[in-house]
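Below: one structure, written as structure tokens.
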Amino acid sequence: MVFSVGFLGVGSSNASALERPGRVAVHGQVPQPTAFRTHELFTARIAQSSANAQKSRQLVIFFHGIRGGGSQFTTIGKSWEKTLANTSFVYPDAPFVHRSGGRQWFVVDDQVMRPDRIQGARQAFDELVSEIVRREGFEGNLRNVAFVGVSQGAIMALDAVANGRWKVGAVVSFAGMLPLAISASNDTRVLLIHGRADKTIPSAASVAAGTQLKAAGFDVSVTLLPDVGHTISSSGAQKASMFLQNYFNR
């Protein structure tokens, strides 16, 4: 079983029908990157494991891949509700529209990974995350917040932690990479999951990221899955769920 999360890797140009993005409610016109306002862009969709979201003890924020949509993570979020009780799951859309449909965290229009574009996307990412954290009531409790990202979303999640901007408790990266240098270290626990058959972002990218993060003092685990491409497999999702369960039950 493979979860379809509606993403393509950096520089990829062909989407299957299963990978075409869903949408979360978007209010008003889509702004240019220089005109980003979180509250005008989206209404995050939340799957709650408890009857009252105010009782949630932890928060998981999902970051989809390029040309995807936040709602396409709901299948995974629903499957985690039993193992991650009292958890709020939030599935935001990325701030910017991709020219071929769906949304993106930073612009990739020439099949080249440009670190400056990741840097340029940080403000929009941070404003979006700040709004979610504030709304869910975790401003003073980031240790009980986890980021889960895939492909481009994983790149942004890893950058946010490695840069020191977000000292969340845990990060799960599926098929991601760390293009920018690490400039901070904290107690965030990191799980890097990558398919050995990934031809979009080779698994060596996660191995390299793990080495860099460990050298900087992060608590890092790397899991490479055989016969898995640029996607989230059921085994990968299960390993991520167990990782988060162990962290939140610490």
Sort out for me the strands (runs of 3 or more DSSP E) sitting completely within region 37-133 that have 2 or more residues that are closer than 23 Å to residue 237 by Cβ and either within 14 Å of the chain's Cα centre (by Cα) or at pLDDT 95 or above (or both).
-> 58-63, 87-91
Of the residues that sit in region 73-128 and are within 22 Å of residue 240 (Cα to Cα) and without any contact (Cβ under 8 Å) to a residue 40 or more places away in the chain, which one is surrounded by the fewest Cβ atoms within 10 Å (Cβ to Cβ)?
-> 82
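May I ask you to list the residues in region 148-179 that are of a type in the set (Ser, Thr, Tyr) and outside any strand (DSSP E or B)?
Once the filter is applied, which keeps residues that are of a type in the set (Ser, Thr, Tyr) and outside any strand (DSSP E or B), region 148-179 yields only 151.
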Return a yes/no flag: does region 141-154 have any residue that is of a type outside the set (Lys, Arg), under 18 Å from residue 216 (Cβ atoms) and either open to solvent by 20 Å² or more (accessible area, probe 1.4 Å) or touching a strand residue (DSSP E or B) at 6+ places or on another chain (Cβ under 8 Å) (or both).
-> yes
Which one of the conditions (1) in a helix (DSSP H, G or I); (2) at pLDDT 95 or above; (3) surrounded by fewer than 24 Cβ atoms within 10 Å (Cβ to Cβ) does residue 138 fail to meet, given that it meets all the rest?
-> (1)
Subset of region 155-167, residues surrounded by fewer than 24 Cβ atoms within 10 Å (Cβ to Cβ) and closer than 25 Å to residue 249 by Cβ, comes to 160, 166, 167
For region 229-242, name all the residues that are out of contact with any Leu (no Cβ under 9 Å at 6 or more places or on another chain), open to solvent by 10 Å² or more (accessible area, probe 1.4 Å) and in contact (Cβ under 8 Å) with a residue 12 or more places away in the chain.
-> 229, 231, 234, 242
Just need a number here: residues in region 191-204 that are more than 15 Å from residue 171 (Cβ to Cβ) and either touching a residue at least 24 places away in the same chain (Cβ under 8 Å) or in a helix (DSSP H, G or I) (or both).
-> 8
Restrict the check to region 213-228 and report whether at least one residue is modelled with pLDDT under 95, farther than 25 Å from residue 163 by Cβ and open to solvent by 60 Å² or more (accessible area, probe 1.4 Å).
-> no
Residues located in region 205-228, provided they are under 17 Å from residue 157 (Cβ atoms) and assigned to a loop (DSSP other than H, G, I, E, B) | 216, 218
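The values are calculated or read from the model by the stated rules, or taken from the named source; none is laboratory data. Computed from a prediction, not measured in an experiment: that's the story for all the values here. FYI the Cβ positions are ideal-geometry reconstructions off the backbone, even for glycines, and counts take in every protein chain you see. What goes into the accessible areas is simple: the full protein's heavy atoms, side chains included, and nothing from ligands, DNA or RNA. Shrake-Rupley method; radii C 1.70, N 1.55, O 1.52, S 1.80 Å.
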